[in-house]
Amino acid sequence: MMRSLFSGVSGLKVHQTKMDVIGNNIANVNTVGFKSSSVTFTDIFYQTSQSASGPNAATGAGGQNAKQIGLGAAMGAIAVNITGQGGSQRTDNPFDLMINGDSFFVVNKGGTNYFTKAGNFNVDEAGTLVNSAGYPVMGWQADSDGKIQKERVSALHVMASENMSTPPEATTKSTVFGNINEEDDMFNKDAPNNYIPIQMSFYDELGYEYQAMFHIKQGTTDAEERTYTMDLASITRDGKVISEATIGDDGSYSGMNFTRLTLKFNSSNEPTDDTPPVEPGGLISVEGGGGANTATAKGFTFTVPSVTVTDTNQSNALSATVPIAVDLTNVTNYGSASTIDTKTGDSEGVGKGKAPGEMSRLGVQTDGKIVASYTNGDQRILGQIAVAKFANAAGLEKIGENLYAETLNSGKFNGIGEDITADGGKFTTGVLEMSNVDLSTEFVEMITTQRGFQANSRIITVSDSMLEELINLKR
């Protein structure tokens, strides 16, 4: 009689434990990155009143099974549905990340690495990427060239002072392109205004932007060649003229330390004998120049002239000392409209220079690389978020705050981490992984747990009634 009482008590205890787990699941139905748990029961030891016996050939008696009385139930396991993917919640926050795969984010709390599925991150006052509890998100650092150094994981200081800006670069290359039409109306104006102006922008070593104004005028024409002259007229910055040539009545330009260039085009109907041959209307050569402004085959090297500046606000206005290689290869002399223009850098954008840049945006790529964009067009990789993987992720221990700790049964974190793309996984930005709790399943489990608890309580009350009847035998 007493055995049924204690069996009923054990049944109450395990069903109460299961209800506690269900209650925790439902309480965390909207917790970011939460993984639900489930309870399984097991029976416990038995009292054997008669052991099993085998058949007896001598007596012809058959075998008998053991006679055992069970003594209740115990909790078998509380399993975490660690691989079940939760729903996606769009936030459009660039630092909200969802892992597509079985990996975990790595965060550091008090010098110890912990693991989480919750990707609701932000940047703290020190510029460090942290989770909602303020624990640094761990990853790999990038070197000055933006290459990821896959060493031991460390905190990602994405908005540290050294990352907030990029230095300027002086322009080293420029390209002139387009067409010069010999019948352009600009050439028909009275001297000294009979020119086509082209403006070339460039940056000095300090990141100041300048505009060099060149004047292109018609020269001589014969059966084989048509020539044009190119002079430097002025240099400006922020709309202010800081250096300007003196134009004489004879059309000469002086005071800029720039020697006139002559551009020669093929004016015949046949390609030239040059190697490679120049087609009709193509540029044959650039001649003239001298000193720091030397003509090349189809271009020239432009070094900013030394200028004495009288405006105190422009005292550092002309500090460029890096020669600029100007390419005129793509200038033509066809009968179409004049479209000549310039751009900084060569045909591939190399050598264009840049102003100082301030960080304008941060973003995280699908592989976890953190990319900063700057106001001068620069982009830099500042680091990469690393992930952790475990042989038995279900063996991790929940410690609260959406964190897991490694255990003897989960496997060890190697301290370096892995690239999320190593097994085909990726991050989704602007999205959070929500709880994987299935409310319909939890409510069904709640019903069966409640009924199980009620049934076990009945065992106790009926056993008590039977004891009462036994006691009442003697009155």
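The values are calculated or read from the model by the stated rules, or taken from the named source; none is laboratory data. None of the values given here were measured: they were computed from a predicted structure. Heads up, the Cβs are rebuilt from the backbone with ideal geometry, glycines too, and the neighbour counts pull from every protein chain shown.
Tally up the residues in the range 382-428 that are crowded, with 18+ Cβ neighbours inside 10 Å, in a strand (DSSP E or B) and of a type outside the set (G, A, S), please.
7
One line per residue, one yes/no per condition, for (1) in contact with a Pro (Cβ under 9 Å, 6 or more places away or on another chain); (2) closer than 30 Å to G282 by Cβ:
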residue	(1), (2)
K352	no, yes
N376	yes, no
L382	no, no
A388	no, no
A394	no, no
Exclusive hit being within 21 Å of A405 (Cα to Cα) and free of Cβ contacts under 8 Å to residues at least 24 places away in the same chain, set G84, G111, G119: G111
So which residues in the range 92-107 are farther than 15 Å from V123 by Cβ and not in a strand (DSSP E or B), if there are any at all? D92, G101, D102, S103
Does the range 455-462 include one or more residues that are of a type outside the set (G, A, S), surrounded by 14 or more Cβ atoms within 10 Å (Cβ to Cβ), under 25 Å from the mean Cα position of the chain (by Cα) and within 26 Å of T17 (Cβ to Cβ)? no
Single residue of A223, A245 found to be modelled with pLDDT under 95, buried (at least 18 other Cβ atoms within 10 Å of the Cβ) and among the aliphatic types (A, V, I, L, M): A245
Considering each residue of the range 108-136, count those that are of a type outside the set (D, E, K, R), on the phi < 0 side of the Ramachandran plot and in a loop (DSSP other than H, G, I, E, B), and give that number. 7
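Of these, R458, R451, which one is within 27 Å of L71 (Cβ to Cβ) and at pLDDT 95 or above?
On the way: R458 fails: at pLDDT 95 or above.
When all the criteria are applied, what remains is R451.
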Quick check, is G452 buried (at least 17 other Cβ atoms within 10 Å of the Cβ) and more than 26 Å from T83 (Cβ to Cβ)? yes
